[in-house]
Amino acid sequence: MTDYTQIRLEKANGIATLTLYRPEKMNAFTGTMMNEMIAAMDETDADDSVRAVIITGEGERAFCAGADLTPEGGGHVFSDPNPVDDLSDERVRDGGGRLTLRLFKSKKPLIGACNGVAVGVGATMQLPFDIRLASDNARYGFVFARRGIVPEAASSWFLPRLVGMQTALEWCFTGRIFDAAEAKERGLVRSVHPQGELMDAAIGIAREIADNTSAVSVAMTRAMLWRIGGGGHPMDGHRIDSRAIYRLSRSADAKEGIASFLEKRAPAYPDTVSGDMPDFYPWWDEPVYE
């Protein structure tokens, strides 16, 4: 297990909880935090005992107050922590985007529990989460235009898909802070909870996944919905659906799913994400930037 300094990663009963842990800085984002969150995703993907990942912030004030404006070791606030020398090089990449692309690739469902302020990268890093919950004191802001920059972390791809183009443009054009009620109304979050009930609600969803579903089915479904659901022709979905149902219907998990249903008992799925994904997974071609 990796030794983390700016996050905490805890695992219990099939659920991993990743906590942004810089409470003295309102969990502000740094290059170190980015690298540690990516490492944590590698760890949870490789651990077949983990069925779902909850991501939250330490304390009751902030999920993440954006990029740390006094970065480690000085340097530019928005510098790529793994830079290239030539800024004209297409390989230039922002740190938030490195993180969100890794979150996007997760094989485990990601549940966000936004426990307070979430602005800048604190908001954009939540966009690849599969289910987002908020505390009633949560505040969001895509504040980039008020800082003389633009939305980052691949949010120009994620945000319109979640809330629609009109809302995405309004939030990004104005850069205003908005509350959890508006986030729910516009579709950014699933539900709003009192601060003291937020983690219980997130754990309840994670528990439902962990106790009742096939890990392989969930991993495939996550990949299919994120990668096919955003556009293209329905035939694109039909091709992958057909291959997936053909392979998985012959799996040990499918046999157990039917048997447990007929026998009116809880399932005990034997297949693992590390060893039993369909032979055509992954089916997509991805740009690779070093």
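Each of Ala65, Thr32, Val53 was scored by the projection of its Cα onto the charge dipole of region 1-74, and the greatest displacement toward the positive side belongs to Ala65; charges sit on the C-beta of Lys, Arg, Asp and Glu. The distance between label points at Thr70 and Lys255 comes to 6.2 nm (points 7 Å beyond Cα on the Cα→Cβ vector).
Taking the Cα centre of the chain as origin and assigning +1 to Lys and Arg Cβ atoms and -1 to Asp and Glu Cβ atoms, the resulting dipole is close to 780 debye. Among the protein heavy atoms of region 88-164, carbon and sulfur supply 51% of the accessible surface, probe 1.4 Å, non-protein parts ignored. For the pair Trp157 and Phe280, a Förster radius of 22 Å applied to the C-beta separation gives a FRET efficiency near 0.35, rounded to the nearest 0.05.
For the chain, the relative contact order is 16 percent, taking Cα pairs closer than 8 Å that sit 6 or more residues apart in sequence and dividing their mean separation by the residue count. Charge dipole (Cα centre; +1 on Lys/Arg Cβ, -1 on Asp/Glu Cβ; no other charges) of region 214-289 amounts to roughly 240 debye. Taking Ala12, Ala40, Ala180 as the candidate residues, the one with maximal mean-square fluctuation in a Gaussian network model of the chain, Cα springs under 10 Å, is Ala12. Considering only Pro267, Pro160, Pro234, the Gaussian network model of the chain with Cα springs below 10 Å gives its largest mean-square fluctuation to Pro234.
Note on region 214-289: Rg/Rh from Cα positions, Kirkwood definition for Rh, rounded to two decimals, is 1.03. Based on Cα contacts under 8 Å between residues 6+ apart, region 136-287 shows a relative contact order of 20 percent.
Under 14 Å from a label point set 7 Å out along the Cα-to-Cβ vector of Ala266, the amide N atoms of region 190-221 belong to 207-214. Could you run the Karplus curve 6.51 cos²θ - 1.76 cosθ + 1.60 with θ = phi - 60° over region 57-65 and give me ³J(HN,Hα) per residue in whole Hz, x for Gly and Pro? With coefficients 6.51, -1.76 and 1.60, one gets x, 6, x, 10, 9, 8, 6, 6, 7 Hz.
Based on protein heavy atoms only, region 136-232 ends up with 49 Å² per residue of surface accessible to a 1.4 Å probe.
The alpha-carbon atoms of region 7-209 define a convex hull whose volume equals 116 cubic angstrom per residue. Build a GNM of the chain with springs between Cα atoms under 10 Å apart, and of Ala201, Ala16, Ala28 the one that fluctuates most is Ala201. Please report the net charge: other residues with Cβ closer than 14 Å to the Cβ of Phe173, K and R +1, D and E -1. Charge balance near Phe173 sits at +2.
Measuring against 22 Å, Cα to Cα, the residue pairs Lys25/Lys108; Lys11/Lys105; Lys11/Lys108 contain Lys25/Lys108 as the ones spanning a longer distance.
Each stretch of four or more DSSP H residues adds -39500 (n - 2.57); spread over every residue of the chain, this sum gives -11500 deg cm²/dmol at 222 nm. Taking a label point 7 Å from the Cα of Glu10 along the Cα→Cβ vector, which residues of region 104-139 have an amide N closer than 17 Å to it? Hits in region 104-139 for Glu10 at 17 Å: 111-115. All other residues whose Cβ lies under 10 angstrom from that of Tyr4 are scored, Lys and Arg at +1 and Asp and Glu at -1, for a net of -2.
When the chain is described by a simple charge dipole with +1 on each Lys and Arg Cβ and -1 on each Asp and Glu Cβ, the residue from Tyr4, His193, Gln126 located farthest towards its positive end is His193. Mean Kyte-Doolittle hydropathy of 1.0 or higher plus an axial Cα length of 18 Å or more: which whole DSSP H helices in the chain meet both? Going by DSSP H runs, the hits are 215-228.
The values are calculated or read from the model by the stated rules, or taken from the named source; none is laboratory data. Just so you know, these numbers come straight off a predicted model, no measurement behind them. Cβ sites come from the backbone with ideal geometry, for glycine too, and all protein chains shown count toward neighbours. Quick note on the areas: whole protein, heavy atoms, side chains included, nothing else; ligands and nucleic acids left out. Shrake-Rupley method; radii C 1.70, N 1.55, O 1.52, S 1.80 Å.
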